[in-house]
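J.: Would you mind keeping the following structure in view while I ask a few things?
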Amino acid sequence: MTHDTSGTRPVAREYRRLSDAKGGTRLERQGLNNGQAAAESGWVLGEPYIDDGLSASRFARKRRDDFEQLVTDLRSGPTGRDGAFGADILILWESSRGSRRVGEWVSLIELLEEKHVRIWVTTHERMYDPRNGRDRKSLLDDAVDSEYESYKTHKRVIGTAAVEAAKGRPHGFPPDGL
């Protein structure tokens, strides 16, 4: 991980996530946009946490290993900078990249508050401080929106699958030979 040895420049680490593993360019875009924000702000950018092809919704079936590592690293020291996380700022491309589960997002916000780590959301072009009530409310509003958005997507997918099944069509792409 990259550290600011002088201690004068803020250090940031990003968490990138993409639900669809086929969308590598979108993961790359997150990294490029996050890196540009860090450069423009004068932050030292540490190693990213990346979960590719992993949903953060309550309908997810797979663990997000890098998200779990991020949480473990945050818990490791008295502040975000002094532990394994090693940074003052968590960069998310958009707030839903963190989580689409309200409870999980609240737990992360509380941990970031405790460790004095701020959150930069690149698409908002804005820094949030979890210790500030107004910032916290904005982050919690985003959590509710993100969870509801994943619910609506889930309902659309389930509804489409039922309609296609009623027509005698398979769910998803048929296997070779069909």
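J.: Could you check the range 97-124 and list, in sequence order, the residues that are open to solvent by less than 10 Å² (accessible area, probe 1.4 Å) and touching a Ser or Thr at 6+ places or on another chain (Cβ under 6 Å)?
T.: 105, 121
J.: Scan the range 114-143 for residues that are touching a residue at least 60 places away in the same chain (Cβ under 8 Å) and either basic (Lys, Arg) or part of a loop (DSSP other than H, G, I, E, B) (or both) and jot them down.
T.: Listed by number, the list holds a single entry, 125.
The values are calculated or read from the model by the stated rules, or taken from the named source; none is laboratory data. Note that this is a predicted model, so its numbers are computed, not measured. Note that we place each Cβ from the backbone using ideal geometry, even for glycine, and neighbour counts take in every protein chain shown. SASA here: full protein model, heavy atoms, side chains in, ligands and nucleic acids out. Shrake-Rupley method; radii C 1.70, N 1.55, O 1.52, S 1.80 Å.
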